[in-house]
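A.B. asks: This structure is in structure tokens; I'll ask about it shortly.
The values are calculated or read from the model by the stated rules, or taken from the named source; none is laboratory data. Fair warning: this is a prediction, and the values are worked out from it, not measured in the lab. Neighbour counts are summed over all protein chains in view; Cβ atoms, including those assigned to glycine, are modelled from backbone coordinates with ideal geometry. Just the protein is used for accessible areas: all its heavy atoms, side chains included, with ligands, DNA and RNA removed. Shrake-Rupley method; radii C 1.70, N 1.55, O 1.52, S 1.80 Å.
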Amino acid sequence: MAVIDRTREHLRNSGHPVERALDTTLRPEAEVEADRSIRDTARAARREVKAARLNTLATAQQAKATDYDRQLPPMGQPILVGHHSEARHRKTLDRARTWTLRTMETERAAKEMADSAIVAATATTHRHNPVTVGNRIKTMQTELRALNSQLVATTTIYKDKGWAASRATDLTEQIAAHEDKLAYWTGIRAEQINAGQVVDYSKDNISKGDLIHYLGDWYPVVRVNAKSVSIRQRPDRTWTQTVEYHKLTGHKPQA
């Protein structure tokens, strides 16, 4: 807003008529995510079509290269320098090489486009990965605490400053947006827990000596904390690593 206001004033001072129209209505996170999913699906479809077109083009280019290869003398005969066939031989080789390189380049582009289509098609799935959702919730909680602290400071310590009222309004809007996002993703995690996609691990269901699954391997728990467990990655090591509960992907109670 400060940048917009400064820009408007500069333009007005330069003699330009300026009107400002802003829509600051908060879009619900559920609506934002639904729109993103639709866009990802459409993007994947477009890229799949483009990849198919590139593959068709590569096939045609390869046919051209093969046709020129067949026009070359058999058995890899070298160029007969000074012979009447030299010019034709060199031209045919050059065309075969050119079409082969074009084919390789088009095939590379087709593969990149196909890979990009897969990324777009699985974007929503990746965003809803249980560990990713847990990380997102933690980040939002941290940001929300920081915003609330800033709002308290703005309305108490700096309340007499000229910019305090505008800053407080801005912070209030940001807090509302974060609360809406946090509520949405907390609901997604609750659905994942209810569906059995993820377990709500905590100190209530994990004990010292248990095994936990983290980043593709199993580790013994050496300490249970309020928000995490401490593991020892190797038996011969004395130091431990802290792993937050939402990052655990498996659990085996101590036998």
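A.B. asks: Go through the range 215-237 and give me each residue that's over 31 Å from the mean Cα position of the chain (by Cα) and either in contact (Cβ under 8 Å) with a residue 40 or more places away in the chain or in a strand (DSSP E or B) (or both).
C.D. replies: PRO220, VAL221, VAL222, ARG223, VAL224 - these are the residues of the range 215-237 that are over 31 Å from the mean Cα position of the chain (by Cα) and either in contact (Cβ under 8 Å) with a residue 40 or more places away in the chain or in a strand (DSSP E or B) (or both).
A.B. asks: How about the range 238-255: which of its residues are assigned to a loop (DSSP other than H, G, I, E, B) and either without any contact (Cβ under 8 Å) to a residue 60 or more places away in the chain or surrounded by 16 or more Cβ atoms within 10 Å (Cβ to Cβ) (or both)?
C.D. replies: Within the range 238-255, THR238, TRP239, THR240, LEU248, PRO253, GLN254, ALA255 qualify.
A.B. asks: Conditions: (1) open to solvent by less than 70 Å² (accessible area, probe 1.4 Å); (2) at pLDDT 95 or above. ASP170 meets all but one. Number of the miss?
C.D. replies: (2)
A.B. asks: Checking the conditions here, which among VAL131, VAL119, VAL81 is outside any helix (DSSP H, G or I) and surrounded by fewer than 16 Cβ atoms within 10 Å (Cβ to Cβ)?
C.D. replies: VAL81
A.B. asks: Would you mind finding the one in ILE193, ILE137, ILE175 that is touching a residue at least 40 places away in the same chain (Cβ under 8 Å), part of a helix (DSSP H, G or I) and either surrounded by fewer than 17 Cβ atoms within 10 Å (Cβ to Cβ) or not hydroxyl-bearing (Ser, Thr, Tyr) (or both)?
C.D. replies: The match here is ILE137.
A.B. asks: Sticking with this one: From the list ALA44, ALA2, ALA34, ALA63, which residue is open to solvent by less than 90 Å² (accessible area, probe 1.4 Å) and in contact (Cβ under 8 Å) with a residue 12 or more places away in the chain?
C.D. replies: ALA44
A.B. asks: Return the residue satisfying two criteria in turn: it lies in the range 152-166 and is open to solvent by 80 Å² or more (accessible area, probe 1.4 Å) and without any contact (Cβ under 8 Å) to a residue 24 or more places away in the chain, and of such residues it is nearest to MET140 (Cα to Cα).
C.D. replies: Per the criteria, the residue is VAL152.
A.B. asks: Here is a further query. Any chance the range 89-96 includes a residue that's within 28 Å of ARG27 (Cα to Cα) and assigned to a helix (DSSP H, G or I)?
C.D. replies: For the range 89-96, residues within 28 Å of ARG27 (Cα to Cα) and assigned to a helix (DSSP H, G or I): absent.
A.B. asks: So, THR92, is that one more than 30 Å from LYS247 (Cβ to Cβ) and open to solvent by 40 Å² or more (accessible area, probe 1.4 Å) or not?
C.D. replies: In short, no.
A.B. asks: Of (1) within 14 Å of ASN55 (Cβ to Cβ); (2) without any contact (Cβ under 8 Å) to a residue 12 or more places away in the chain; (3) among the hydrophobic types (A, V, I, L, M, F, W, C), ALA117 satisfies all except one. Which?
C.D. replies: The single condition ALA117 does not satisfy is (2).
A.B. asks: Would you point out which residue out of LEU211, LEU182 is in contact (Cβ under 8 Å) with a residue 12 or more places away in the chain and in contact with a strand residue (DSSP E or B) (Cβ under 9 Å, 6 or more places away or on another chain)?
C.D. replies: LEU211
A.B. asks: Any residue at all in the range 97-114 that is crowded, with 17+ Cβ neighbours inside 10 Å, free of Cβ contacts under 8 Å to residues at least 60 places away in the same chain, outside any loop (DSSP other than H, G, I, E, B) and in contact with a Phe, Trp or Tyr (Cβ under 7 Å, 6 or more places away or on another chain)?
C.D. replies: Looking through the range 97-114, at least one residue is crowded, with 17+ Cβ neighbours inside 10 Å, free of Cβ contacts under 8 Å to residues at least 60 places away in the same chain, outside any loop (DSSP other than H, G, I, E, B) and in contact with a Phe, Trp or Tyr (Cβ under 7 Å, 6 or more places away or on another chain).
A.B. asks: Quick one: which residue in GLY82, GLY134, GLY76 is farther than 30 Å from ILE4 by Cα, of a type in the set (Gly, Ala, Ser) and within 33 Å of the chain's Cα centre (by Cα)?
C.D. replies: GLY134
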